[in-house]
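J.: My structure is below; once you've seen it, I'll send some questions.
The values are calculated or read from the model by the stated rules, or taken from the named source; none is laboratory data. These numbers come from a predicted model, not from an experiment. Glycine also receives a Cβ, built like all others from the backbone with ideal geometry; neighbour counts cover every protein chain displayed. Protein only, heavy atoms only, side chains kept; ligands, DNA and RNA dropped before computing areas. Shrake-Rupley method; radii C 1.70, N 1.55, O 1.52, S 1.80 Å.
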Amino acid sequence: MNISIIGGRVIDPASNTDATLNLHIKDETLIAMGDAPNGFSADQTIDAAGKIVCPGLVDMAAHLREPGHTAKGTLASETLAAAKGGITTLICTPDTEPCIDSPADIEFIHRMARKLCQARVLTAAAMTQGLEGKQLASMATLRNSGCVAVSNARRPLANTLVERRALEYASTFSMTVFLHPEDRHLKAGGCAHEGAVATRLGLPGIPSAAETVAVARDLALAEHTGARIHFCTLSAGTSARMISEAKKAKLAVSADVAAHQLHLTEQDIDGFDAQCHLEPPLRTLQDRDALRRAVADGTIAAICSDHQPHEPDAKEAPFPESQPGLSGLETLLALTLRLVDEGVMPLNDALARITCGPADLLNLPYGRLAEGLPADICIFDPEAHWTLASESMLSAGKNSPFLGWEFKGKVTHTVFNGHLVYQAD
């Protein structure tokens, strides 16, 4: 199908484009920006006047639950939610059941996603067999099967020697290693940030040192092995400072932060709100502000959703027994735009953190608008106000601390690979 998107404000952070332009799509490809090519005839025209047209969003951390946990979500439900959120490329975490540690597992995910044709699903494969943290997975085979990174998700490694061997193996094949920095001994069964709020509520705490000690260890091993490492979903301001210093020392290191960590703090768990039981936990206002500064200056080059859908029962237990995580695909853009409204960073930079920023970290040709590239496009109304309600969410998981929040900036259309996959009512 040929599609023309007419009269929108086109913002492409990768090329610093910010202009009123028409876009023209033929089959799966963006073929022209500006005037239509000679002989081009659109089968469908989208009026984008008053709206912003940007690259489809790239999300580096989405727990899609299938296979194994389909009561929480399926590839069908979660890629549909991604389309509603303007997300066209997702990195699937390997902690499915069975976990993604073989070519067959990767092919299952990719084949299902291609059949659904709602978003591009890429895979981070398991670093260790069965994610058990002991024996290394066959990373070269997994890379050849199409994974974009290796990760042990949030499962602990047996010891630092296993991590060293994993980084050496990955470095040999120029693979990126996703790390969730957490010292399990310092975590010690905690469920909230170790601070005044957790103390008052009587909740077992997780000190920020549980993250920062792990970051220091991982940076030391990355320097020793020469591996390319990426820190996932940071929560502590000190972590950002350490990564900034490592980047200045020319280590091959990058990081992302979940959108909710840039807005919520430990104060939000008051009242034992299980929707705010997250992993890593919400930390202090000082941590939040330090993470905001790191995102603004580019130390943290990507904002992710850290999407973790759950069935309702998972959040109905007492806070410590409830399952951590939130459903974040449908609020990724809105929470990022809120940073612009609050003066944290300009719009171009904010959009870069959810488009070309994460794509560039993995050398992916997505998250940008250019002739000849796949037509992945998000169109949103920057002035539209909307309220997040569980009944309007397309994700199977309705677990979000942002239910009832009013947001500004609403996705009206999502085009994935040249197909209109979402259109607001």
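Here is a yes/no grid of residues against (1) more than 29 Å from residue 160 (Cα to Cα); (2) of a type outside the set (Lys, Arg); (3) over 22 Å from the mean Cα position of the chain (by Cα):
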site	(1), (2), (3)
203	yes, yes, yes
209	no, yes, yes
221	no, yes, yes
228	no, no, no
235	no, yes, no
243	no, yes, no
272	yes, yes, yes
277	no, yes, no
281	no, yes, no
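J.: Here are some conditions: (1) closer than 21 Å to residue 360 by Cβ; (2) out of contact with any Pro (no Cβ under 8 Å at 6 or more places or on another chain). Residue 301 meets all but one. Which one does it not meet?
T.: (2)
J.: Looking at 245, 279, which one is farther than 25 Å from residue 96 by Cα and out of contact with any Leu (no Cβ under 8 Å at 6 or more places or on another chain)?
T.: So the residue among 245, 279 that is farther than 25 Å from residue 96 by Cα and out of contact with any Leu (no Cβ under 8 Å at 6 or more places or on another chain) is 245.
Let's see how each residue does on (1) in contact (Cβ under 8 Å) with a residue 24 or more places away in the chain; (2) at positive phi; (3) touching a Gly at 6+ places or on another chain (Cβ under 7 Å):
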| site | (1), (2), (3) |
| --- | --- |
| 133 | yes, yes, no |
| 146 | yes, yes, no |
| 152 | yes, no, yes |
| 161 | no, no, no |
| 175 | yes, no, no |
| 180 | yes, no, no |
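J.: Against the condition of a type in the set (Ser, Thr, Tyr), closer than 26 Å to residue 28 by Cα, open to solvent by less than 40 Å² (accessible area, probe 1.4 Å) and at pLDDT 95 or above, how does residue 355 come out, does it pass?
T.: yes
J.: Can you tell me which residue among 141, 128 is under 25 Å from residue 366 (Cβ atoms), more than 18 Å from the chain's Cα centre (by Cα) and β-branched (Val, Ile, Thr)?
T.: 141
J.: From the residues in segment 16-36 that are within 27 Å of the chain's Cα centre (by Cα) and open to solvent by 50 Å² or more (accessible area, probe 1.4 Å), which one is nearest to residue 418 (Cα to Cα)?
T.: Of everything passing the filter in segment 16-36, 28 is nearest to residue 418 (Cα to Cα).
J.: Among the listed residues 275, 261, which satisfies the condition of being open to solvent by 30 Å² or more (accessible area, probe 1.4 Å), touching a residue at least 24 places away in the same chain (Cβ under 8 Å) and assigned to a helix (DSSP H, G or I)?
T.: Selected residue: 275, the only one of 275, 261 that is open to solvent by 30 Å² or more (accessible area, probe 1.4 Å), touching a residue at least 24 places away in the same chain (Cβ under 8 Å) and assigned to a helix (DSSP H, G or I).
J.: Could you check, for segment 382-399, whether at least one of its residues is open to solvent by less than 20 Å² (accessible area, probe 1.4 Å), within 12 Å of residue 56 (Cβ to Cβ) and over 17 Å from the mean Cα position of the chain (by Cα)?
T.: No: segment 382-399 contains no residue that is open to solvent by less than 20 Å² (accessible area, probe 1.4 Å), within 12 Å of residue 56 (Cβ to Cβ) and over 17 Å from the mean Cα position of the chain (by Cα).
J.: Sticking with this structure for a sec: How many of the residues making up segment 1-15 are of a type in the set (A, V, I, L, M) and open to solvent by less than 10 Å² (accessible area, probe 1.4 Å)?
T.: Residues meeting the conditions: 4.
J.: Only one of these conditions is not met by residue 84: (1) under 22 Å from residue 302 (Cα atoms); (2) over 16 Å from the mean Cα position of the chain (by Cα); (3) basic (Lys, Arg). Which number is it?
T.: Status for residue 84: all satisfied but (2).
Residues are listed down the side, and each one gets a yes or a no for (1) in contact with a strand residue (DSSP E or B) (Cβ under 9 Å, 6 or more places away or on another chain); (2) touching a residue at least 60 places away in the same chain (Cβ under 8 Å); (3) open to solvent by less than 30 Å² (accessible area, probe 1.4 Å); (4) under 23 Å from residue 124 (Cβ atoms):
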position	(1), (2), (3), (4)
285	no, no, no, no
333	yes, yes, yes, yes
347	yes, yes, no, no
370	yes, yes, no, no
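J.: Filter segment 131-143 down to the residues that are out of contact with any Pro (no Cβ under 8 Å at 6 or more places or on another chain) and open to solvent by 50 Å² or more (accessible area, probe 1.4 Å) and list them by number.
T.: Of everything in segment 131-143, those that are out of contact with any Pro (no Cβ under 8 Å at 6 or more places or on another chain) and open to solvent by 50 Å² or more (accessible area, probe 1.4 Å) turn out to be 132, 134, 135, 138, 143.
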